[in-house]
1. Show me 131-137, 290-296 ranked by packing, highest mean number of other Cβ atoms within 10 Å first.
2. Write down, largest first, the equivalent ellipsoid semi-axes of the range 109-166 in whole Å, where each equals the square root of 5 times an eigenvalue of the alpha-carbon gyration tensor.
3. What is the packing order of peptides 366-376, 177-187, taking the mean over residues of other C-beta atoms within 10 Å and listing the highest first?
4. Please report the antiparallel percentage of the DSSP beta bridges confined to the range 96-197, to the nearest 5.
5. Modelling each spin label as a point 7 Å along the Cα-to-Cβ direction, I'd like the residue 450/residue 62 distance in nm, to one decimal.
6. Could you state the orientation-averaged shadow area of the convex hull built on the Cα atoms of the range 83-181, in nm² to one decimal?
7. Could you calculate, for the range 136-209, the ratio of the Cα radius of gyration to the Kirkwood radius, expressed as Rg to Rh?
8. With a Cα-only, solvent-free Debye model of the range 17-71, what are the log10 I(q)/I(0) values at q = 0.21, 0.31 Å⁻¹?
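Since every read-out is calculated from the coordinates, none of them should be taken as a lab result. Nothing here was measured: the structure is a model prediction, and the numbers come from that model. Virtual Cβ from ideal backbone geometry, glycine too; neighbours counted across all protein chains shown.
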């Protein structure tokens, strides 16, 4: 009889026990894979989105809430801060540069973020098509936002989908950003003044002289050079505009100095034209701050939290605290998956060992027909490997399916659009489970190969 056929009928004769072993293996593998995938997604996003941001200055409240809402855009900010007071803090000599954020609206769950062009540069964003905003209510959108160039839309009040729309003003898409793999991909980005204006607040009176030009992709720059070479007859003003749109962002230090000069000019402008303002003073959500030294990351939060009405939160500290809290739940699920895998291995062992007594006569007959000890050993090992392989395949299917379902159901995960990744840990899990299955089959296989043909056949007579 062919070995494969023998194994098939052997497993079929004890299908209930085999099914239990397969499902225990599958559930253990699925849980282990889900833990691994979510930890991988979580750590990758934390690292990518928080890179280069040393502090966040915002309203008093939960520092973790401030970090999650302004860097990762998965929570509600604790409040707004007066811009005219907060801008004094960003002139601190230990701050290299600060990026303003103004939040408050969304479009189908995608947050509308009022900020400066430095925010795009910080995440190394490049335009796929179009250009950056030049006027209020012009926006650039991330790669995951389902809006097209020149399309107009109304923003909804609040940061979660379902708020009332601002029907009096519409935004217009003027640019689309190439996929970055960061939080930028799921945001709608515009000027700070756009967000302030739609909420009845005074503008910051930003103009092009205070904003850096946006860095386009290398492809765009090559196109520009080619266009320049073949169309030297274009007007000087139009040519200058193209050069301005394609240049790199200015040096960050120089930008900080410009921001300080802007603050001074804005104060003078405010004093001279205070009677013209009919709205409330400008308020923003937070500043994303990059400091000049690691020491500043310690000293500045103490200064801001004690000497001002704002708070300064350190992303590294808060994320470490968050991961430690989530780590307890992650470890619990990891322990559960290990228990299930061990139970599956024990089930394989028990099934093979218990069934061995009933198969002694059959195995003795095979030996009498010419089967060697090694061949009998191989048959029992292959039975255990078959159960483990079926459990691994089913576990992988379970894990990937559940991961995709959770990604589509939970809003923060669905807008991230993370897919299943075949990491080293996934391969490690598969290998460990496979070895556990072989180990569970080892003892029954050794015992079966050492059967005494004469004694067993004499019992059966």
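1. Per-residue Cβ counts within 10 Å, averaged per peptide and sorted highest first, yield 131-137, 290-296.
2. Details: eigenvalues 85, 35, 28 Å².
Semi-axes from the Cα gyration tensor: 21, 13, 12 Å.
3. The most tightly packed comes first, giving 177-187, 366-376.
4. 65
5. 6.1
6. Mean shadow area of the hull around the Cα atoms is 7.5 nm².
7. On the way: Rg = 12.8 Å, Rh = 13.2 Å.
Taking Rh as the inverse mean 1/r over Cα pairs, Rg/Rh reads 0.97.
8. At q = 0.21, 0.31 Å⁻¹ the computed log10 ratios are -0.83, -1.12.
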